[in-house]
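The structure appears right after this line, and notes come after that.
The values are calculated or read from the model by the stated rules, or taken from the named source; none is laboratory data. The structure presented is a predicted model; accordingly, all values stated were derived computationally and were not measured. Heads up, the Cβs are rebuilt from the backbone with ideal geometry, glycines too, and the neighbour counts pull from every protein chain shown.
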Amino acid sequence: MAPALLGLVPFGFVAGVAAIGSGLTPAQGVALSVLSFSGIAQLVACQLIAVHSPVIVTVAAAAVVSLRFLMYSAAIAAQLAHLDWRWRALLSYLMTDQSYAASARRYSEPGANEHKHWHFLGSAMMLYVPWQASVIAGVVAGAAVPATWSLDFAVVLTFIALLVPAVRTRADLGAAIIAAALALVAAGLPYRLALVVASIGGIAAGMAIEAWRKR
Amino acid sequence: MTAWLAIVGVALATFLLRASFIVFIDPHRFPHWFRQSLKFVPPSVLAAIVTPGLFMSGGAIDVSRDAYPRIAAGLVAIVASFHVRNTMAAIVTGMATLWGLQWVLGHFT
C-alpha cells in the first residue's frame, strides 16, 4: 500500500487544484471528493463543470470513466456476499482501483474469508484519509502551484501505473491499443465523448480478439 | 446550484457502479458475454484516459516539439511500470524525464 500512497498524494492535490480551477467553491470541491472518492471521476467532472456542461453530461462522463467499478464489483461480490448490506454498502463506497487490487490479492490467499473484510476496510481507509487530506491541501493551496511544475502530468503517470498491470493478455493489449487510437481519432467530439467512444471501442476490440483466438 | 446537482449526480453514479454487484444484483443473472466484456473495461478506459494526456494539449492533438517531453516521459513510465509494478516508479521516472527534457529544450534550443 505504501507505494500507492505516494502516488495518491500528488493525484489528490491535483484533483483539489482542478476543483478550484473549474470554478467550484472550496466547500463544493471538498464535497465532490468526500462524496465520490474517485480521482478520475472528480477530474473528469471538474473538466466538464469548468466549461459549463449540462449536469447530465457531467454525470454521464463521470459514469463512463467509473465503469471499471462495475468490473471490480462483479469480481469481488461473491467474497462479500456473507456480509450484511451496511458492510457491503460501506465497502462499495470505499472501493478504489488500489484497494480493489490489494483486496483481490488478499482474497486469493488461503484462509477463511469471514474476516478479510477488515483487511479491505483497513486498506481502503489507508487510502481514504490521505486522499481527502491531499484534496483539501490542493483546494487550499490551489492557485499557488506554478504551472511549470506540470503537476497534472503526475496524474497521467498514476494512470499509466494502473494501466500497465491491467494489460495481461493479448486481448487486453488489443483493447488498450484500439481505445488509445480511438481516443485520439475522436478527440474532436464535444463533451469528452471521445472517452466514451474509445472505451466502448476498446472493450469491443478485446472481445473480438478473444473470440477470434478461441476459434 | 447547478454545481451541487452535478456533485450529487457524480457521487450517485460512482456509488451505484461500485455497489452494483456487491449490494444490488447477483452478477450471475447477467449473460456470460456481459461479464466477459467487463474484464476489458480497465485496459480500455485507462488507455483512453492516458493517451490524450500524452498526445494532446489544450483540447487538440499536439505532437510538436513542445509535446516531446510529455510523450517521452510517458513512454519511460510505461517501461518502468512494466518492470517495477508500483505507482512510485512511474511517477519518479516520468516526472524526472519530463522536467529533465523541459530543462534541456529550454536551455539548448
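Just one residue in the set A:SER38, A:SER73, A:SER53, A:SER66 is farther than 22 Å from B:THR51 by Cβ and of a type in the set (S, T, N, Q); that residue is A:SER73.
Taking the conditions exactly as written (under 16 Å from the mean Cα position of the chain (by Cα) and either surrounded by fewer than 21 Cβ atoms within 10 Å (Cβ to Cβ) or closer than 28 Å to A:VAL51 by Cα (or both)), does B:PRO69 satisfy them or not? Explain how you work it out, then say what you get.
Numbers: under 16 Å from the mean Cα position of the chain (by Cα): no; either surrounded by fewer than 21 Cβ atoms within 10 Å (Cβ to Cβ) or closer than 28 Å to A:VAL51 by Cα (or both): yes.
Answer is no for this residue.
Counted as qualifying within segment B:12-109 are the helices (runs of 4 or more DSSP H) with 1 or more residues that are in contact (Cβ under 8 Å) with a residue 24 or more places away in the chain and under 30 Å from A:MET95 (Cβ atoms), namely B:41-55, B:68-83.
The set of residues in segment A:161-176 being surrounded by fewer than 17 Cβ atoms within 10 Å (Cβ to Cβ), more than 19 Å from A:VAL65 (Cβ to Cβ) and not hydroxyl-bearing (Ser, Thr, Tyr) consists of A:ARG168, A:ARG170, A:LEU173. Residues in segment A:186-199 that are more than 8 Å from chain B (Cβ to nearest Cβ) and either closer than 19 Å to B:VAL41 by Cα or in a helix (DSSP H, G or I) (or both): A:ALA186, A:ARG192, A:LEU193, A:VAL196, A:VAL197.
Candidates in segment A:15-56 are the residues that are surrounded by 18 or more Cβ atoms within 10 Å (Cβ to Cβ), β-branched (Val, Ile, Thr) and more than 8 Å from chain B (Cβ to nearest Cβ); of these, the one that is nearest to B:THR14 (Cα to Cα) is A:VAL44. For segment B:73-98, a residue qualifies if it is more than 8 Å from chain A (Cβ to nearest Cβ) and farther than 23 Å from A:ARG168 by Cα, and the qualifying residues are B:VAL92, B:ALA96, B:THR97. With the structure loaded, tell me whether A:ILE40 is in contact with an Asp or Glu (Cβ under 9 Å, 6 or more places away or on another chain) and assigned to a helix (DSSP H, G or I) or whether it fails that test. The answer is yes for A:ILE40. The residues of segment A:3-46 that are within 29 Å of A:LEU189 (Cβ to Cβ), touching a Ser or Thr at 6+ places or on another chain (Cβ under 7 Å) and at pLDDT below 85 amount to a single one, A:PHE11. Cβ-Cβ distances below 9 Å connect no pair with a first residue in segment A:131-150 that is over 17 Å from A:LEU43 (Cβ atoms), a second residue that is at pLDDT below 70 and outside any helix (DSSP H, G or I), and a separation of six or more residues or different chains.
To keep it simple, each residue is scored yes or no on (1) in contact with a strand residue (DSSP E or B) (Cβ under 8 Å, 6 or more places away or on another chain); (2) hydroxyl-bearing (Ser, Thr, Tyr); (3) farther than 29 Å from A:LEU35 by Cβ.
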site	(1), (2), (3)
B:PRO31	no, no, yes
B:LEU38	no, no, no
B:GLY58	no, no, yes
B:ASP62	yes, no, yes
B:ARG85	no, no, yes
B:VAL104	no, no, yes
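Yes/no matrix, rows are residues, columns are (1) modelled with pLDDT of 90 or more; (2) in contact with a Leu (Cβ under 7 Å, 6 or more places away or on another chain); (3) at the interface with another protein chain (Cβ under 7 Å from one of its Cβ atoms); (4) part of a loop (DSSP other than H, G, I, E, B):
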{"residue": "A:ILE136", "(1), (2), (3), (4)": "yes, no, no, no"}
{"residue": "A:VAL139", "(1), (2), (3), (4)": "yes, no, no, no"}
{"residue": "A:ALA143", "(1), (2), (3), (4)": "no, no, no, no"}
{"residue": "A:PHE153", "(1), (2), (3), (4)": "no, yes, yes, no"}
{"residue": "A:VAL156", "(1), (2), (3), (4)": "no, yes, yes, no"}
{"residue": "A:ILE160", "(1), (2), (3), (4)": "yes, no, yes, no"}
{"residue": "A:PRO165", "(1), (2), (3), (4)": "no, no, yes, no"}
{"residue": "A:GLY174", "(1), (2), (3), (4)": "yes, no, no, no"}
{"residue": "A:ILE177", "(1), (2), (3), (4)": "yes, no, no, no"}
